[in-house]
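Some notes on the structure that comes next.
Derivation of every value follows stated rules applied to the coordinates shown; laboratory data play no part. Values in this document were obtained by computation on a predicted structure and should not be read as measured data. Cβ: placed from backbone, ideal geometry, glycine included. Neighbour counts: every protein chain shown.
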Amino acid sequence: MNATLVDALGSAFTLVLIVSAPILLIGLAVSLITSLLQAMTQVQEQTLSLVPRLMAMLVALLFFMSWMLSEIITFATEMFSTAA
């Protein structure tokens, strides 16, 4: 029972990393581009880095939502079917 629980938690953490990776990577890329533009223009305004990053992550979330939900539903179905 203990090994089964450890395997389930490992699978859950792996799923969380896989599902959240696209959103986080897009946020990282937009943040890097914005930081480079701020360094080149020497404009150091906090809202200039926050707003584009939030917008890009929101668009990515809307774009990847169906894939994320299908992965989570598949995992939940698998977990409930093995528990019974």
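So the values come out like this:
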{"quantity": "Segments 41-51, 63-73 sorted - mean Cβ within 10 Å per residue, highest first", "calculated": "63-73, 41-51"}
{"quantity": "Acute angle (nearest 10 degrees) that the helix 46-83 long axis makes with the longest principal axis of the chain, alpha-carbon atoms", "calculated": "10"}
{"quantity": "Stretch gain in nm, segment A8-Q38, where the contour uses 0.36 nm per residue and the Cα spacing is subtracted", "calculated": "6.4 nm"}
{"quantity": "Taking region 1-77 and dividing mean pair separation by its residue count, relative contact order in percent (alpha carbons under 8 Å, at least six apart)", "calculated": "38"}
{"quantity": "Gained length - L28 relative to L69, 0.36 nm times residue gap less alpha-carbon distance", "calculated": "12.5 nm"}
{"quantity": "Folded to 0 to 90 degrees: helix 2-41 orientation relative to the chain principal axis, Cα", "calculated": "10"}
